[in-house]
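A quick write-up on the structure given underneath.
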Amino acid sequence: MSLVLGDFSFSEVSPRRYAITVTQSELRGVAEAVVREESYLSSISAVDLPKDGKIELNYIFWSIKHRAALVVRVPVSRENPVVPSISDIVPGATKSEVEVYDLMGVIFEGNSNLRRGFLVPEDVVAKGVYPLRKDSGV
Amino acid sequence: MVVVEIPIGPQHPALHEPIMLKVKTDGEEVVEVAVTTGYNHRGIEKLLEKNSWIRGMYIAGRVCGICNAVHTQTYVQGVEKLMGIEPTPRANYIRTMVMELERIHSHLLICAVMAEIVGFDTLFMLIMRDRERVMHLKELVTGNRVHADIHVLGGVKRDLDEVRRTRILDELRKIEERLKYYKKVYETDYTLVRRLSEVGRISKSDAIRLSLVGPTLRASGIKSDVRSDDPYAAYSEVPFNIEYRDEGDSWARMMVRLDEALESVNIVRYTAEKLPQGPAVPKTVPRAAKPGEVISRVEAPRGELLYHIVSTGGSNPYRVKIRTPSFLNILNTESTYLGHRLADVPVIFASYDPCISCTERVIVVDEKSGKKAYVSLKELARGG
Amino acid sequence: MGKTRLSLLREVIANLTKRPSTIKYPVAREVTVAPGSRGRQYADLMKCIGCSLCAIDCPANAIVMDKLPEPLKHNPRGVYPVVDYGKCIFCYQCVFVCPVKAYITTDVFELADYSTSTSREQSLSTIALGGSR
Amino acid sequence: MGVKAIRYSPWVMHFNAGACNGCDIEVLAALTPFFDPERLGVKLAPNPRHADVIIVTGALNRKAAERLKRLYDQTPSPKFVIACGACAISGGVFTDSYPVISRADRVVPVDVYVPGCPPRPEAVIYGIKKLLDKLGGHLEPSAR
């Protein structure tokens with residue numbers, strides 16, 4: 001079973017959950033295709049995978065039209081975690097991106113609101129660590 | 001043009017929502033609002049990684065005290081999926097009942113607070129009095145007025161006996177009668193209607209664009225409810241309507257909540273009447289999960305609650321991402337205050353049913369510094 | 001829509017003649033505790049086998065396994081759980097997980113004091129009761 | 001000397017130091033008509049400068065601790081602190097979390113501990129009663 005939106009084919013992982021893995025450069029294209037399907041951005045969940053040297057970003061959309069969660073997975077490198085921001089395509093993404101930046105240290109290029117201390121206490125910010133990374137030591 | 005920056009909050013005499021709205025005004029008109037939250041992080045996502053699946057159930061419930069059963073439900077149903085266990089039908093019915101009781105008391109609370117914010121203290125006191133009935137029912141079913149903690153992996157912690165079941169049905173009649181009365185008050189009262197309607201309007205397309213959820217989304221005419229779109233617990237068996245309104249203003253949001261609370265009464269009644277026979281309390285305590293990941297969604301009183309749980313096997317979760325409804329509803333609605341008068345800001349803010357402990361999972365700090373003149377929401381709404 | 005003024009007046013007047021809904025606590029002992037409410041719980045040492053499951057599962061680390069005092073060795077491991085009520089979140093996971101149902105549950109909520117208390121005294125008193133029997 | 005004044009009518013201020021809202025809605029519920037401690041002289045003060053008793057809820061973090069300290073300093077003497085709920089007493093489930101100081105008595109002297117998660121409204125009232133017992137006062141209905 002799969003769900004095709006434009007050029008992108010989402011595969012079904014469980015009932016009402018569809019997922020696709022894309023690269024950083026494809027992200028904005030997928031986001032545009034998903035938004036056309038009456039979807040809102042539910043969450044950006046970042047998972048730290050130090051063994052692979054990656055951080056996996058899960059953009060979880062809920063499509064009101066398809067009644068399904070559309071998960072866009074974007075693996076980024078841990079050393080240089082940069083992805084383009086989708087906050088201009090989905091305005092609801094702005095604060096989620098800020099949260100991920102604060103907790104995981106992923107930089108969203110084009111989001112002007114990024115700042116530390118959105119959630120994290122100042123003493124942790126001063127140490128320069130991102131608390132949800134596995135090696136942060138907090 | 002002189003733009004004045006007014007920080008609002010966080011010392012509210014009733015609700016104590018520690019959030020700050022930095023409002024820039026030109027005269028009476030609001031030209032910019034920045035929601036400043038997240039003074040500090042309670043670190044729950046990290047804490048869950050450090051604790052076992054079983055301890056996690058209780059920590060998840062303590063993300064938010066008002067909607068704790070739904071938090072536990074979201075966590076537990078995700079973990080159950082990872083462990084490959086299925087709760088019994090009776091357990092599912094009891095879970096549903098607890099979650100719906102919670103929805104009633106949460107909606108009553110915000111209706112009371114909204115009444116207080118617009119200066120209608122009598123209504124506040126009356127609603128709070130009748131809310132005690134719901135709290136009592138919740139205590140009767142779960143054993144605690146606030147933190148239900150009734151979920152365990154594979155079922156519920158305590159069964160519902162016949163005496164309690166009859167008691168619930170009795171009390172529901174009274175609660176329903178009071179709810180209908182308060183709905184009538186919100187519908188017809190001159191002050192409330194004048195204060196709430198045409199304030200903070202969000203159009204259908206904006207609601208989706210801003211990623212709003214729950215009653216806020218449904219008040220803008222979108223029929224989206226996790227309970228019917230993505231059924232969990234016993235919702236696939238329970239008949240209920242999705243309440244929605246087309247106006248999209250603060251008044252519509254409150255009406256959606258009151259309608260929903262009435263619908264919840266029906267759901268609780270249905271679950272109590274049609275409670276399936278069989279066991280509800282599991283005999284074993286599962287401790288290890290298989291590797292995998294799961295996206296668990298639940299309709300909390302404030303909207304869609306989402307947990308993304310990643311497991312690599314073993315006794316602890318690898319990563320738990322919590323996205324609470326208030327996170328989206330509060331932080332993404334900064335633009336909806338623009339063009340309104342300053343006194344409308346607290347009304348709009350309260351109409352999103354803000355729950356700060358949910359939003360930030362933080363240790364919230366009172367930002368009331370001596371240098372600036374901070375105004376309470378209540379004073380402001382009264383033109384103070 | 002929105003026509004009624006003083007909509008609560010009738011309700012308020014009706015309430016004037018009714019009995020007040022306020023409960024009398026703490027002047028008289030009139031409380032709203034529902035049957036089966038989760039209050040103070042402590043281990044019954046006549047039943048406890050000292051398995052530590054409750055201490056392992058306690059989300060707040062409120063339970064510490066302490067050594068039984070010398071003459072009272074009621075279980076082979078010689079330890080019993082002490083609940084620190086300052087840390088306890090009254091979730092009753094300990095009660096649920098206990099394999100021998102050794103916890104005694106009560107609905108006592110009046111635990112406020114000038115310092116935090118533990119279940120030590122209560123638990124030890126269960127042995128004394130058993131011993132005298 | 002000043003203690004005498006508050007024996008019969010303590011004004012309480014509620015400080016949320018990052019609770020899950022559970023304790024907060026119970027403290028709020030304790031002040032509604034159903035429990036109504038106002039008949040006993042207990043009144044909610046909106047401002048630390050008017051308060052005699054501070055009810056602290058929630059697991060404190062470093063920043064909340066600074067705020068609590070400042071609020072405590074602003075409160076006129078004699079002043080008393082009630083730590084309400086497992087989080088304010090010992091950190092509760094959040095004890096091991098990184099931003100949390102987790103004990104109110106590390107920051108300000110605490111007079112009465114009210115255990116519970118959350119303590120029911122009667123327990124909050126009992127805590128206030130306990131405090132007044134210590135001061136030699138009583139919670140009793142005003143003459144009517």
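The values are calculated or read from the model by the stated rules, or taken from the named source; none is laboratory data. Remember, predicted model here, so these are calculated numbers, not experimental data. Here Cβ is always computed from backbone atoms with ideal geometry, including for glycine, and neighbour counts include all displayed protein chains.
Some points to look at:
- Scanning segment A:79-108 for residues that are charged (D, E, K, R) and buried (at least 18 other Cβ atoms within 10 Å of the Cβ) turns up A:95, A:97, A:99, A:102.
- Residue list for segment A:77-121, restricted to those being within 14 Å of chain B (Cβ to nearest Cβ) and hydroxyl-bearing (Ser, Thr, Tyr): A:87, A:94, A:96, A:101, A:112
- Some residue of segment A:53-68 being within 11 Å of chain B (Cβ to nearest Cβ), in a helix (DSSP H, G or I) and out of contact with any Gly (no Cβ under 7 Å at 6 or more places or on another chain): no
- A residue that is more than 9 Å from every other protein chain (Cβ to nearest Cβ), farther than 29 Å from residue C:28 by Cβ, in a helix (DSSP H, G or I) and not hydrophobic (A, V, I, L, M, F, W, C) can be found somewhere in segment D:94-110.
- Check on residue B:55, at the interface with another protein chain (Cβ under 9 Å from one of its Cβ atoms) and surrounded by fewer than 24 Cβ atoms within 10 Å (Cβ to Cβ): yes
- In the condition set (1) in a loop (DSSP other than H, G, I, E, B); (2) touching a residue at least 60 places away in the same chain (Cβ under 8 Å); (3) more than 30 Å from residue B:58 (Cα to Cα), residue D:131 is compliant with all but (1).
- Of the residues examined, residue D:81 is one that is within 14 Å of chain C (Cβ to nearest Cβ) and among the β-branched types (Val, Ile, Thr).
- Within segment B:100-138, tally of residues that are closer than 16 Å to residue B:258 by Cα and under 19 Å from the mean Cα position of the chain (by Cα): 22
- Residue within segment B:368-376 that is crowded, with 23+ Cβ neighbours inside 10 Å and either under 20 Å from the mean Cα position of the chain (by Cα) or at pLDDT below 55 (or both) present: no
- Segment B:85-132, residues that are in a helix (DSSP H, G or I) and among the small types (Gly, Ala, Ser): B:91, B:106, B:112, B:115
- Within segment D:28-48, tally of residues that are part of a helix (DSSP H, G or I), within 8 Å of chain B (Cβ to nearest Cβ) and under 30 Å from residue A:121 (Cβ atoms): 1
- Of residues in segment A:122-135 being without any contact (Cβ under 8 Å) to a residue 12 or more places away in the chain and assigned to a loop (DSSP other than H, G, I, E, B), the one nearest to the other protein chains (Cβ to nearest Cβ): A:129
Yes/no per residue for (1) more than 8 Å from every other protein chain (Cβ to nearest Cβ); (2) among the hydrophobic types (A, V, I, L, M, F, W, C):
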{"position": "B:124", "(1), (2)": "yes, yes"}
{"position": "B:129", "(1), (2)": "no, no"}
{"position": "B:134", "(1), (2)": "yes, yes"}
{"position": "B:143", "(1), (2)": "no, no"}
{"position": "B:147", "(1), (2)": "no, no"}
{"position": "B:150", "(1), (2)": "yes, yes"}
{"position": "B:154", "(1), (2)": "yes, no"}
{"position": "B:163", "(1), (2)": "yes, yes"}
{"position": "B:167", "(1), (2)": "yes, no"}
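- Considering (1) surrounded by fewer than 21 Cβ atoms within 10 Å (Cβ to Cβ); (2) at the interface with another protein chain (Cβ under 8 Å from one of its Cβ atoms), the lone condition that residue B:68 does not fulfil carries the number (1).
- Take the conditions (1) part of a loop (DSSP other than H, G, I, E, B); (2) in contact with an Asp or Glu (Cβ under 6 Å, 6 or more places away or on another chain); residue A:117 misses just one of them, which is (2).
- Sole exception among (1) out of contact with any His (no Cβ under 9 Å at 6 or more places or on another chain); (2) touching a residue at least 40 places away in the same chain (Cβ under 8 Å); (3) more than 29 Å from residue C:57 (Cβ to Cβ) for residue B:134, by number: (1)
- Sole exception among (1) at negative phi; (2) in contact (Cβ under 8 Å) with a residue 12 or more places away in the chain for residue D:41, by number: (1)
- Filter result for the condition that a residue is over 15 Å from residue C:92 (Cα atoms), within 11 Å of chain B (Cβ to nearest Cβ), without any contact (Cβ under 8 Å) to a residue 60 or more places away in the chain and of a type outside the set (D, E, K, R), over C:20, C:76: C:20
- A Cβ distance below 7 Å, combined with a sequence gap of six or more or placement on separate chains, defines the contacts here; from segment C:95-117, residues that are more than 7 Å from chain D (Cβ to nearest Cβ) and farther than 30 Å from residue C:25 by Cα reach residues that are assigned to a strand (DSSP E or B) and β-branched (Val, Ile, Thr) in the pairs C:96/B:152.
- Scan segment B:179-188 for residues that are in contact with a helix residue (DSSP H, G or I) (Cβ under 9 Å, 6 or more places away or on another chain), hydroxyl-bearing (Ser, Thr, Tyr) and surrounded by fewer than 18 Cβ atoms within 10 Å (Cβ to Cβ) and the total you get is 1.
- Matching residues, segment C:26-69, being more than 21 Å from residue C:87 (Cβ to Cβ), within 16 Å of the chain's Cα centre (by Cα), more than 7 Å from every other protein chain (Cβ to nearest Cβ) and β-branched (Val, Ile, Thr): C:33
- Condition check for residue B:175: within 14 Å of chain A (Cβ to nearest Cβ) and among the hydrophobic types (A, V, I, L, M, F, W, C): no
- Residue that is within 14 Å of chain D (Cβ to nearest Cβ) and either modelled with pLDDT of 85 or more or part of a loop (DSSP other than H, G, I, E, B) (or both), where the choices are B:310, B:347, B:365: B:365
- Among the residues of segment D:77-93, those identified as assigned to a loop (DSSP other than H, G, I, E, B) and over 13 Å from residue C:116 (Cβ atoms) are D:77, D:78, D:79.
- Sole residue being in the same structural domain as residue B:95 (by TED's automatic domain parsing), surrounded by fewer than 24 Cβ atoms within 10 Å (Cβ to Cβ) and either at pLDDT below 90 or not polar (S, T, N, Q) (or both), chosen from B:262, B:305, B:342: B:262
- Residue in segment B:189-200 that is closer than 20 Å to residue B:326 by Cβ, surrounded by 17 or more Cβ atoms within 10 Å (Cβ to Cβ) and of a type in the set (D, E, K, R) present: no
- Matching option when the condition is among the charged types (D, E, K, R), more than 23 Å from residue A:35 (Cα to Cα), crowded, with 24+ Cβ neighbours inside 10 Å and under 19 Å from the mean Cα position of the chain (by Cα), among B:218, B:253: B:253
- Flag if residue B:200 is touching a Ser or Thr at 6+ places or on another chain (Cβ under 8 Å) and at pLDDT below 90: yes
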